[in-house]
1. Any chance you could count how many residues in the stretch 173-188 are among the β-branched types (Val, Ile, Thr) and assigned to a loop (DSSP other than H, G, I, E, B)?
2. From the set of residues in the stretch 226-237 that are more than 16 Å from ligand 2 (Cβ to nearest atom) and either open to solvent by less than 10 Å² (accessible area, probe 1.4 Å) or polar (S, T, N, Q) (or both), which is nearest to ILE282 (Cα to Cα)?
3. Is there a residue being within 14 Å of ligand 2 (Cβ to nearest atom), open to solvent by 30 Å² or more (accessible area, probe 1.4 Å), farther than 21 Å from GLU356 by Cα and touching a Cys at 6+ places or on another chain (Cβ under 9 Å) anywhere in the stretch 62-72?
4. Any chance the stretch 2-23 includes a residue that's among the polar types (S, T, N, Q) and modelled with pLDDT under 95?
5. Return the residues of the stretch 93-127 that are open to solvent by 20 Å² or more (accessible area, probe 1.4 Å) and either among the aliphatic types (A, V, I, L, M) or in a loop (DSSP other than H, G, I, E, B) (or both); say none if nothing qualifies.
6. Suppose we keep only residues that are β-branched (Val, Ile, Thr) and under 15 Å from TYR229 (Cα atoms) within the stretch 270-292. Which one would you say is farthest from ligand 2 (Cβ to nearest atom)?
7. What number of residues in the stretch 188-218 are away from ligand 2 (no atom under 11 Å from the Cβ), small (Gly, Ala, Ser) and open to solvent by 10 Å² or more (accessible area, probe 1.4 Å)?
8. Can you work out which of the residues in the stretch 65-95 that are under 17 Å from PHE142 (Cβ atoms) and among the hydroxyl-bearing types (Ser, Thr, Tyr) is nearest to ligand 1 (Cβ to nearest atom)?
Amino acid sequence: MKYEFPVTLNPNPGKKPSSEGLRFGTVFTDHMFTMDYDEGIGWHDGKIVPYGPISLDPAACCLHYGQEMFEGLKAYKTESGRVQLFRPYMNAKRTNRTNDRLCIPEIDEDLFVDAIKALVKVDQDWIPKGEGTALYIRPFIFATEPFLGVRQSKQYKFMVILSPVGPYFVNGLAPTKMYVEDVYVRAVKGGTGEAKCAGNYGGSLKAQEIAHQKGYEQILWLDGIHQKYIEEIGAANAFFVIGDEVVTSELNGSILPGITRDSIIALCKYKGYKVSERKISIDELEDAYKKGELREMFASGTAAIVSPVGELLYKGDVMVINNNEIGPVAKEMYDTIYGIQTGKIEDFMGWTEPVE
Ligand code: PLP
Ligand code: COI
C-alpha cells in the first residue's frame, strides 16, 4: 500500500548550506513529518509541515522515563538526478524491533518508508553534493501522554527531520582514535543495547567525555559482564582485519545490529573475503597487534559510513593500526558502499530505493 500525506509548505524557506565543510547534524531542512498515535485509534494524522518547535506537555512520559526511539538513514542524489535511499526497509524493521522492546506500538513498514520518501521528496533540493555528504534522515518516536506513573504511554508522536550532513567524524576518511572503555559499560544482554533508544546514548556520554578529554574521538565498548569482549563503537559497529580474516563481533543481544554492518558482511562475502561474526576479546586484539597481524580496524554506520580507526588506547597501552592510515579493506568497503549509495557504482546488491 502507498501512503500519501498532506503538505503545508514552509512560507519562509531557509538558506541551504554549502557542501564544503558540512558538519554532522547542525542544519535542518524546511519541513518535517509528524504523526500521532492514540490508544484505540492507532497512528493517524500523518502530515508534512514547516520545520519548527513542537509543544509538549511537561508531564509527557518521554521526558520522565525515556520512552523514546530513533533511527538514522540517508538520502542521496545521483548524477542523473535520481533521489534514493539505502535499504530503508531495514530501518523500518529495526524500528519495530526497538518499538517492541520499549512497548511503543508497531508502525506499518510501508507507512514508515512512505513518510520518509514523502518528506525527502519535498526537501530534495537540500541533498548536498560533496564527497562524504548526504541528507541524513532522523525518524523518531516518543511518548506524549501526560502521566507520571511508570507504564507505557497511550499516546505517541512519530516525527522525521532531515539534515544535510558531512561525515560524522570531522576528518572524513582520516583515521580516528578510539578509547577502549574499561570502567563504564554501554549495555548487557537482556538490556536495551540492541534497540535504538535514546537512553543508550545518554548513558554513554560520561565515558565519551572522559575519552574526549584524553584526545580520543569515540569509545570502543567492551561487554557489560566481563569487560573482555569487544562490542561496538559509540555510534557505529566495529570491524577488524586480523591476518586474512575480516571480523566483527557477533550479535549477542547487547550490540546494535547495524545496517551498514550487515551490508559490509554481505559485500565481503560477495567479494570472497573470509568474514566472521564471532566473539573477539580485547586480549586477542592485543595479541594480534603484538604479532603484527592486526592489519585494520574500521567503524561502520549510517553516520560514520566506513571510517578507519588509526589508534586504540586500552589501559594505557597504545595500539597504532596500519601506520595510522586507511587500509585496503576499509577503502574498498567505503568506495563500494558510498559508491552504491550515491549511484557512482551500479547497485549490484539491490540496496537502493528510489524516492518517486
Ligand atoms: N551502533 C551504534 C551504537 C549506532 O549508534 C549505530 C548507528 O546507527 C550503529 C551501530 C550502526 O548502525 P547503522 O549501520 O544501521 O547505522
Ligand atoms: C546513525 O549512524 O544513524 C546514528 O544513529 C549515529 C548517531 C547516534 C549519530
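1. Number of matching residues: 3.
2. Out of the qualifying residues, it is ILE230.
3. yes
4. Yes, some residue in the stretch 2-23 is among the polar types (S, T, N, Q) and modelled with pLDDT under 95.
5. Selection gives LEU102, CYS103, PRO105, GLU106, ASP108, ALA118, VAL122.
6. Within the stretch 270-292, the match that is farthest from ligand 2 (Cβ to nearest atom) is ILE282.
7. 6
8. Restricting to residues being under 17 Å from PHE142 (Cβ atoms) and among the hydroxyl-bearing types (Ser, Thr, Tyr), the top hit is THR95.
The values are calculated or read from the model by the stated rules, or taken from the named source; none is laboratory data. Every value quoted in this text rests on a predicted model; they were computed, and no experiment measured them. All Cβ positions, glycine included, derive from the backbone under ideal geometry; neighbour counts span all protein chains shown. Note: areas computed on protein heavy atoms with side chains; ligands, DNA, RNA excluded. Shrake-Rupley method; radii C 1.70, N 1.55, O 1.52, S 1.80 Å.
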